[in-house]
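Student: Can you keep this structure in mind? I'll have questions shortly.
The values are calculated or read from the model by the stated rules, or taken from the named source; none is laboratory data. Quantities reported herein were computed from a predicted structural model and do not represent experimental measurements. Neighbour counts are summed over all protein chains in view; Cβ atoms, including those assigned to glycine, are modelled from backbone coordinates with ideal geometry.
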Amino acid sequence: MPPDLKPAPADNGGVGRETVQRLFFALWPDEPVRRALCERANAIVPAQARAVPCANLHLTLAFPGAVTAHQRIVLEKIAGAVSARPFVLTIDEAGMWRRKGIAWIGCRNAPAALEAIITQLRAGLPGVAIQPDDRPFAVHITIARNAKSPLRMTTREPLDWPVREFALMRSISVPGGVMYEPLRVWTLT
């Protein structure tokens with residue numbers, strides 16, 4: 001069984017168990033934006049922190065978590081019904097959540113289209129027996145974990161990320177961490 005597939009809990013004694021994948025919806029940057037995000041992150045991540053690999057930089061929109069094949073089909077239908085226009089996400093701030101040891105970059109003002117995507121995705125999760133996160137959404141891109149000392153702040157111009165699509169992503173366990181794979185992409189119109 002591939003490392004990203006695990007048996008789903010079953011009350012049938014394990015007979016006919018479904019496999020699950022760890023999935024999430026995200027804004028997945030194209031290569032020029034990814035390079036710019038990586039450069040920005042590398043300039044401010046504290047030395048002792050564990051930097052997120054540049055290939056993994058993304059903005060999570062909704063996190064269904066471990067889902068079955070049937071749930072994935074329904075999640076894809078929910079995503080296909082999302083209605084939002086393309087927008088520009090301006091990355092213009094950085095910070096830390098000290099208790100969690102998370103360093104991040106993000107934006108001060110979330111565009112209405114971003115909020116619409118998040119609201120629509122979260123609204124659909126109960127329909128597939130997934131409880132959505134009820135905390136207010138914090139627009140952020142995690143750039144490091146185990147961050148204990150302050151960010152190395154540098155003055156940076158805001159970075160404009162033109163967002164034209166969002167993706168359903170799979171988290172795959174690999175030696176030393178995780179990698180993310182886009183499974184399906186929806187274009188904003």
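Student: Out of everything in the stretch 145-189 that is polar (S, T, N, Q) and closer than 21 Å to Glu31 by Cα, what residue ends up being surrounded by the fewest Cβ atoms within 10 Å (Cβ to Cβ)?
Tutor: Thr187
Student: So, in the stretch 164-188, exactly how many residues are touching a strand residue (DSSP E or B) at 6+ places or on another chain (Cβ under 7 Å), of a type in the set (Gly, Ala, Ser) and more than 24 Å from Phe87 (Cα to Cα)? Write out each step before concluding.
Tutor: Applying the first criterion (touching a strand residue (DSSP E or B) at 6+ places or on another chain (Cβ under 7 Å)) to the stretch 164-188 yields 164-172, 178-188.
Cutting the leftovers down to of a type in the set (Gly, Ala, Ser) gives us 167, 171.
Add one more test, that the residue is more than 24 Å from Phe87 (Cα to Cα), and what stays is 171.
So the count comes out to 1.
Student: Please report, ordered by residue number, the strands (runs of 3 or more DSSP E) entirely within the stretch 65-107 with at least 1 residues that are aliphatic (A, V, I, L, M), over 18 Å from Phe25 (Cα atoms) and in contact with a Gly (Cβ under 7 Å, 6 or more places away or on another chain).
Tutor: Strands (runs of 3 or more DSSP E) meeting the threshold: 87-91.
Let's see how each residue does on (1) under 29 Å from Ala47 (Cα atoms); (2) of a type in the set (Asp, Glu); (3) in contact with a Cys (Cβ under 8 Å, 6 or more places away or on another chain):
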position	(1), (2), (3)
Lys77	no, no, no
Ala81	no, no, no
Asp92	yes, yes, yes
Trp104	yes, no, no
Arg122	no, no, no
Val139	yes, no, yes
Glu165	no, yes, no
Tyr180	yes, no, no
Arg184	no, no, no
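Student: Looking at the structure I just gave you, is Ala66 in contact (Cβ under 8 Å) with a residue 12 or more places away in the chain, more than 27 Å from Arg156 (Cβ to Cβ) and surrounded by 20 or more Cβ atoms within 10 Å (Cβ to Cβ)?
Tutor: Criteria not met by Ala66.
Student: For Pro162, indicate whether it is part of a strand (DSSP E or B), out of contact with any His (no Cβ under 7 Å at 6 or more places or on another chain), within 27 Å of Ala69 (Cα to Cα) and modelled with pLDDT of 95 or more.
Tutor: No.
Student: Any residue in the stretch 41-59 that is farther than 24 Å from Leu168 by Cβ sitting within a Cβ distance under 7 Å of a residue that is part of a helix (DSSP H, G or I) and among the hydrophobic types (A, V, I, L, M, F, W, C)? List the pairs, counting only those 6 or more apart or interchain.
Tutor: Within 7 Å, the pairs are Ala51/Ala41.
Student: Continuing with the same structure: Give just the number: which of (1) over 20 Å from Thr189 (Cα atoms); (2) in contact with a helix residue (DSSP H, G or I) (Cβ under 8 Å, 6 or more places away or on another chain); (3) surrounded by 18 or more Cβ atoms within 10 Å (Cβ to Cβ); (4) of a type outside the set (A, V, I, L, M, F, W, C) does Gly127 not satisfy?
Tutor: If we test Gly127 against (1) over 20 Å from Thr189 (Cα atoms); (2) in contact with a helix residue (DSSP H, G or I) (Cβ under 8 Å, 6 or more places away or on another chain); (3) surrounded by 18 or more Cβ atoms within 10 Å (Cβ to Cβ); (4) of a type outside the set (A, V, I, L, M, F, W, C), just (3) comes out false.
Student: Can you name every residue in the stretch 104-113 that is free of Cβ contacts under 8 Å to residues at least 60 places away in the same chain and under 24 Å from Pro53 (Cβ atoms)? Before the answer, list the steps.
Tutor: Just the residues of the stretch 104-113 that are free of Cβ contacts under 8 Å to residues at least 60 places away in the same chain, to begin with: 104, 106-112.
Matches in the stretch 104-113: Trp104, Gly106, Cys107.
Results for (1) among the basic types (Lys, Arg); (2) within 30 Å of Thr187 (Cβ to Cβ); (3) modelled with pLDDT of 95 or more, shown as yes or no for each residue.
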| site | (1), (2), (3) |
| --- | --- |
| Lys6 | yes, no, no |
| Ala10 | no, no, no |
| Ala26 | no, yes, yes |
| Pro53 | no, yes, yes |
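Student: For Leu121, state whether it is modelled with pLDDT of 95 or more and not in a loop (DSSP other than H, G, I, E, B).
Tutor: yes
Student: Look at the stretch 51-93 and say how many of its residues are closer than 19 Å to Arg22 by Cα and among the small types (Gly, Ala, Ser).
Tutor: Total satisfying the criteria: 6.
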